[in-house]
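Single-structure report; data block below.
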Amino acid sequence: MIELKHVSKSYTAGVDALKDINLTINDGEIFGIIGQSGAGKSTLIRCINMLERPTSGEVIINGKDMTKLSTSELRAERRHIGMIFQHFNLLSSRTVYENIAFPLELYGTPKEEQKKKITDILELVGLTEYKDKYPSQLSGGQKQRVGIARAIVSDPDILLSDEATSALDPETVKSILNLLKDINRKLHITIIMITHQMEVIKSIADRVAIIEHGHIIEQSSVLDLFTSP
Ligand code: ADP
Ligand code: ADP
């Protein structure tokens, strides 16, 4: 479970990116966070994986308050969190296989174990045939599949998605959302997606929070949000 309690973040005096955010995200959920540009979505997601420290408040993941951990403890906790991005953030000088291997290299996973994990993940994301290609040889959708593979190869409990479908055409968006749904169900990974695209929330999220000027103005199940009274 992920709980945010009274989380606020000010970058400098006067720039209050988040104001008293309270959120509970359950294990196994697909949770959407939607809002306009500048609303505070990226700041919120960066506070969940502690790339930013909140100015005040608590970020509790599986019972531990992330804001109380030292830098080295945080590094260990981050292994349980994968992240995917709008522009994929792949290493252009490395192959698909090597990009996926990157986090495993960092964690010192033995080569044989790496190979097994990467082979399984390549299969899951449908890129077995592309393992020796470079990012420049792939379509946008394929690049995001590599991004997803790299994010989940170290068996995280949580996957954070920062506008991961925003740079893709509608058909590709559908296939990436199907893959994320698959990962959520098969691997029991909790997914938190930030987006400005309501269709994305509508098609895969269980619950959604709407953020505006650093405040959560509404939180509800997606079913309730789209069912008129
Ligand atoms: P969103 O992801 O919804 O577009 P952000 O979280 O990026 O919103 O930004 C929220 C607010 O915080 C904006 O006013 C933005 O200008 C400001 N902001 C974001 N990052 C920084 C930063 N590193 N330094 C100063 N202000 C920032
Ligand atoms: P062995 O099977 O003899 O242990 P390797 O592990 O070096 O040999 O490589 C054989 C297979 O392992 C490759 O066909 C591929 O599936 C995978 N592999 C290992 N490292 C890489 C890499 N850097 N790029 C692509 N595939 C790799």
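For the stretch 123-144, indicate whether the set of residues that are within 18 Å of the chain's Cα centre (by Cα), within 16 Å of ligand 1 (Cβ to nearest atom) and either charged (D, E, K, R) or modelled with pLDDT under 95 (or both) is non-empty.
No, there is no match, as no residue in the stretch 123-144 is within 18 Å of the chain's Cα centre (by Cα), within 16 Å of ligand 1 (Cβ to nearest atom) and either charged (D, E, K, R) or modelled with pLDDT under 95 (or both).
Can you name the residue in the stretch 130-163 that is in contact (Cβ under 8 Å) with a residue 40 or more places away in the chain, farther than 16 Å from Asn178 by Cα and of a type in the set (Asp, Glu) and is also surrounded by the most Cβ atoms within 10 Å (Cβ to Cβ) among such residues?
Out of the qualifying residues, it is Asp162.
Which of the residues belonging to the stretch 170-193 are hydrophobic (A, V, I, L, M, F, W, C), out of contact with any Leu (no Cβ under 7 Å at 6 or more places or on another chain) and not in a helix (DSSP H, G or I)?
Met193
Looking at Arg46 and the list (1) on the phi > 0 side of the Ramachandran plot; (2) under 19 Å from the mean Cα position of the chain (by Cα), which single condition is not satisfied?
The failed condition is (1).
Out of all the residues in the stretch 188-210, which are farther than 23 Å from Gly40 by Cα and loosely packed, with under 14 Cβ neighbours inside 10 Å?
His188
Conditions first: (1) over 15 Å from the mean Cα position of the chain (by Cα); (2) hydroxyl-bearing (Ser, Thr, Tyr); (3) within 16 Å of Gly28 (Cα to Cα). Thr190 passes all but one, so which condition is the exception?
(1)
State whether one or more residues within the stretch 17-31 are more than 21 Å from Val208 (Cβ to Cβ), of a type in the set (Gly, Ala, Ser) and within 12 Å of ligand 1 (Cβ to nearest atom). Show your work before the answer.
Start the filter on the stretch 17-31 by keeping residues that are more than 21 Å from Val208 (Cβ to Cβ), which leaves none.
No, the conditions are met nowhere in the stretch 17-31.
The values are calculated or read from the model by the stated rules, or taken from the named source; none is laboratory data. What you are looking at is a predicted structure, and each value in this text was computed from that prediction instead of being measured. Cβ coordinates were reconstructed from backbone atoms using ideal geometry, including for glycine residues, and neighbour counts include every protein chain displayed.
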